[in-house]
Amino acid sequence: MQNISVIGAGTMGNGIAHVFAQKGFTVSLIDTQPAQLTQALAKIGANLDRQITKGLLTAENKQAALASITTYTDIPAGVASAELVIEAATENTELKLTIFRQLDQAAPKTCILASNTSSISITRMAAATRRPQSVIGLHFMNPVPVMRLVEIINGYATDADVTRQMVELTGKLDKIPCVVNDYPGFIANRILMPMINEAISCLYEGVAGVPEIDTIMRLGMAHPMGPLQLADFIGLDVCLSILKVLHDGFGNPKYAPCPLLVNMVTAGYLGVKSSEGFYKYTPGSKDLVVSTRFASY
Ligand SMILES: NC(=O)c1ccc[n+]([C@@H]2O[C@H](COP(=O)([O-])OP(=O)(O)OC[C@H]3O[C@@H](n4cnc5c(N)ncnc54)[C@H](O)[C@@H]3O)[C@@H](O)[C@H]2O)c1
């Protein structure tokens, strides 16, 4: 397998394109927004520079990696010779179903179609194609060049040989693949999101304040970051939407999002991306400052 197409040049798409290009694959990077493609190439260049500074790559490696990436704004042109397509477009079910129908029409018959979705059913995307046996989840973690895990998700109809090929391929990227089955939240988010939701419930009920909850989980459980800070980094809107997928998918009240989380998202307090969530973020400052809204909790 040599030709990889990546759909979506945002946070995840540029990272996925980066790791394949760095390992000598031929990469087609596709986004409907030309500005996103320009930004993605600049980001990949800057991240490769960081690897050079750390002594992990040479300037020649960087040039070769950048030269192996071609950009497209049109899906059919970008997947015409793909052996594997990895969809990393915006997390929206209808958008992804449309993309999978397009890919099924435009990609070669033998091409494997993968999605980097955090929460949308792989089986549902597979059912939008005439090749459900060749559809699989490849859940890379952010930031892709740094994080080693790839959660590989078997859809209901995924062929065992397709899974085997993806395990082999992700190994070639120096990643650690873990194969799971397609149920809501897969494994990573099914376990992470209830923990974050429980931390928010503890705050909501006044059991402890923001610094206490995060410090207990950092120092007591050796987590690199507390759950409230992590939620701010992921985006509180993203956390809420994944909790809704778990709640709807299992019909179990244990996944019901905490009302405080719902209120914060409704009010536009989304974490780092909106400058305030459980903490307040000031550009240029690395200090962790609790939001004044939680000063009296
Ligand atoms: N950000 C994360 O931490 C993270 C982690 C794991 C998985 N994911 C998943 O990865 C996927 C992408 O997330 P992201 O954070 O990179 O999003 P993002 O918003 O940074 O990027 C999405 C990109 O998709 C492009 N796009 C939208 N419609 C398109 C189309 N029809 N064709 C081609 N490109 C299109 C947008 O222009 C944008 O550049 C989502 O499914 C998300 O759930 C995200």
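The values are calculated or read from the model by the stated rules, or taken from the named source; none is laboratory data. Predicted model, so just to flag it, every value in this text is computed and none were measured. Positions of Cβ are backbone-derived with ideal geometry, glycine not excepted, and every protein chain shown enters the neighbour counts.
Go through segment 260-295 and report how many residues are of a type in the set (S, T, Y) and over 24 Å from the mean Cα position of the chain (by Cα). Final tally of qualifying residues: 4.
Right, R130: without any contact (Cβ under 8 Å) to a residue 24 or more places away in the chain and more than 14 Å from the chain's Cα centre (by Cα) or not?
Details: without any contact (Cβ under 8 Å) to a residue 24 or more places away in the chain: no; more than 14 Å from the chain's Cα centre (by Cα): yes.
No; evaluated as a whole, the condition is false for this residue.
Count of segment 128-160 residues, restricted to those that are within 27 Å of Q22 (Cβ to Cβ), surrounded by fewer than 17 Cβ atoms within 10 Å (Cβ to Cβ) and more than 10 Å from the ligand (Cβ to nearest atom), is 3.
For (1) at pLDDT below 95; (2) assigned to a strand (DSSP E or B); (3) small (G, A, S), each residue gets a yes or a no:
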| residue | (1), (2), (3) |
| --- | --- |
| Q133 | no, no, no |
| E151 | no, yes, no |
| A157 | no, no, yes |
| T163 | no, no, no |
| G185 | no, no, yes |
| R190 | no, no, no |
| I200 | no, no, no |
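Every condition in (1) in contact with a Gly (Cβ under 9 Å, 6 or more places away or on another chain); (2) surrounded by fewer than 13 Cβ atoms within 10 Å (Cβ to Cβ); (3) not β-branched (V, I, T) holds for L29 except the one numbered (2). Here I69 does not fit the description of being more than 10 Å from the ligand (Cβ to nearest atom), under 21 Å from the mean Cα position of the chain (by Cα) and under 19 Å from A188 (Cα atoms). Report whether or not A188 is among the small types (G, A, S) and closer than 25 Å to N47 by Cβ. So A188 fits the description; yes.
If I ask for residues that are touching a strand residue (DSSP E or B) at 6+ places or on another chain (Cβ under 8 Å), away from the ligand (no atom under 12 Å from the Cβ) and in contact (Cβ under 8 Å) with a residue 40 or more places away in the chain, which ones from segment 96-127 would you list? Quick ask: steps written out before the conclusion?
Taking segment 96-127 as the starting set, the residues that turn out to be touching a strand residue (DSSP E or B) at 6+ places or on another chain (Cβ under 8 Å) are 96, 99-100, 103-104, 107, 111-118, 122, 125-126.
Cutting the leftovers down to away from the ligand (no atom under 12 Å from the Cβ) gives us 104, 107, 111-113, 126.
Across segment 96-127, the qualifying residues are A107, I112.
Need at least 3 residues that are within 16 Å of the ligand (Cβ to nearest atom) and crowded, with 17+ Cβ neighbours inside 10 Å per element, so show me which helices (runs of 4 or more DSSP H) inside segment 204-297 make the cut, counting only ones lying wholly within it.
On the way: elements: 210-215, 227-234, 236-250, 259-266.
Passing ranges, in order: 227-234, 236-250.
Any residue that is more than 11 Å from the ligand (Cβ to nearest atom), closer than 21 Å to G137 by Cβ, within 19 Å of the chain's Cα centre (by Cα) and of a type outside the set (K, R) - is there at least one of those in segment 42-59? Full working, then the answer.
Restricting attention to segment 42-59, the residues satisfying the condition of being more than 11 Å from the ligand (Cβ to nearest atom) are 42, 44-59.
Filter again for closer than 21 Å to G137 by Cβ, leaving none.
Looking through segment 42-59, none of the residues is more than 11 Å from the ligand (Cβ to nearest atom), closer than 21 Å to G137 by Cβ, within 19 Å of the chain's Cα centre (by Cα) and of a type outside the set (K, R).
Take segment 82-104 and flag every residue that is in contact with a Ser or Thr (Cβ under 9 Å, 6 or more places away or on another chain) and either in a loop (DSSP other than H, G, I, E, B) or among the polar types (S, T, N, Q) (or both). Residues satisfying the conditions are A82, E83, A88, A89, E91, T93.
Taking the conditions exactly as written (of a type in the set (S, T, Y) and under 22 Å from F186 (Cα atoms)), does T38 satisfy them or not? Don't jump to the end; show me each part of the working.
Details: of a type in the set (S, T, Y): yes; under 22 Å from F186 (Cα atoms): no.
For T38, the condition - of a type in the set (S, T, Y) and under 22 Å from F186 (Cα atoms) - is not met.
Of the residues that sit in segment 85-95 and are near the ligand (Cβ under 8 Å from one of its atoms) and either in contact with a His (Cβ under 7 Å, 6 or more places away or on another chain) or acidic (D, E) (or both), which one is nearest to H18 (Cα to Cα)? Residue satisfying both the conditions and the ranking: E87. In the condition set (1) farther than 17 Å from T170 by Cβ; (2) within 16 Å of the ligand (Cβ to nearest atom), V27 is compliant with all but (1).
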